[in-house]
1. Measure out, as a whole number of angstrom, how far apart the alpha-carbon centroids of segment 14-74 and segment 139-175 sit.
2. I want to check the label-to-label distance for A221 and L111. Put each point 7 Å from Cα in the C-beta direction and report it in nm to one decimal.
3. Please work out the FRET efficiency for the pair A185 and K240, using the Cβ-Cβ distance as r and a Förster radius of 22 Å; give the result to the nearest 0.05.
4. Rounded, prolate or oblate for segment 8-52? Axes are the square roots of the Cα gyration tensor eigenvalues, ordered a ≥ b ≥ c, and the cut-off for rounded is a/c under 1.5.
5. Which loop GluC sites (Glu not before Pro) in segment 76-168, with loop taken from DSSP, have no more than 16 other Cβ atoms within 10 angstrom of their Cβ?
6. What shape does segment 2-133 have by the C-alpha gyration tensor, where a ≥ b ≥ c are the square roots of the eigenvalues, rounded means a/c under 1.5, and otherwise prolate means a/b greater than b/c and oblate the rest?
7. For K209, list the lysines whose Cα falls under 30 Å from its own Cα; do not include residues on the same chain fewer than 8 positions away.
8. Give me the distance in nm between label points sitting 7 Å out from Cα along the Cα-to-Cβ direction at T129 and R158, one decimal.
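Any read-out appearing in this document is the output of simple, stated calculations on the displayed coordinates, not a laboratory observation. Please read all numbers here as calculations on a predicted model, not as lab measurements. Note that we place each Cβ from the backbone using ideal geometry, even for glycine, and neighbour counts take in every protein chain shown.
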Amino acid sequence: MTIFGQSATIFVATAWFHFDLPLWGCLAAIAASVALNLNATARLKRSDGATPDGALTAAHLGFDILQIATLLGLTGGLQNPFCLLLVAPVTVAAASLPGRQAVFMGLLVLLATVCLFFVSLPLPWQAGTEMVLPPLYKIGIGLALTTGVVFTSAYAWRVAADAEKLELALATTQDVLQREQRMAALGGLAAAAAHELGTPLATIQVVAKELLRASAKDGPAAEDAALILQQAERCREILKRLSQQPEEGGIAFAEVGLKALLEEVV
């Protein structure tokens, strides 16, 4: 889209308005951008659509800044109203790159702005006339461009940071919900196990009581029957606790509100 816009602008300026542009220099800068984009597209296909790393993205954005600065230098520098385009790469860098690389992109734009103030060809204008703006106006354009770069980049960085926090909070919430689902499933299994084991334990208790009544009070069989009866009762208590609802199961099952969870994460 950027290449198409640059090409269309040069075509309109030369064919429609008949401005005297350094045509070959502008076309060379656009051709370099075309070559870089074709190379990036081929590399993306070879990597099976994998997202490029931060260093490669920073290199592409740095090239975009230099390419735009070159076109501006050939067509009037800070007098060219399209100098506002220098804000775009820095905004993208602030939203998608680590802080150090984004700051480097901002410094590169500021350096390009200073260079364009001192070094640039005259602003193309109609034949026989020359458009020369006073230096004070160029200083104002440079300050406005710098202010736009700083504030736009800061806002984009803040939005990207908030989006990253929300993504982390969402991932944490999903993890907590998955754990809750597993605990609920485990509670259901425990309740089913308690229900299924209730009948065998009741049978064991009945048999143990019969053995206890049929055995001598001080004999070893009576002691064994009493022990079996005691352990069966203990098993029933354990299964009863397992079959309770999670909110009745103690602090391990304490519920946390979603708002409190998100505040803790963020």
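1. Distance between centres, Cα-based: 25 Å.
2. Result: 9.9 nm between the two label points.
3. In this case the efficiency is close to 0.65.
4. Prolate.
5. Of the GluC sites (Glu not before Pro), the ones in loops of segment 76-168 whose Cβ has at most 16 other Cβ atoms within 10 Å are E130.
6. oblate
7. K217, K240
8. The two pseudo-label positions are separated by 4.3 nm.
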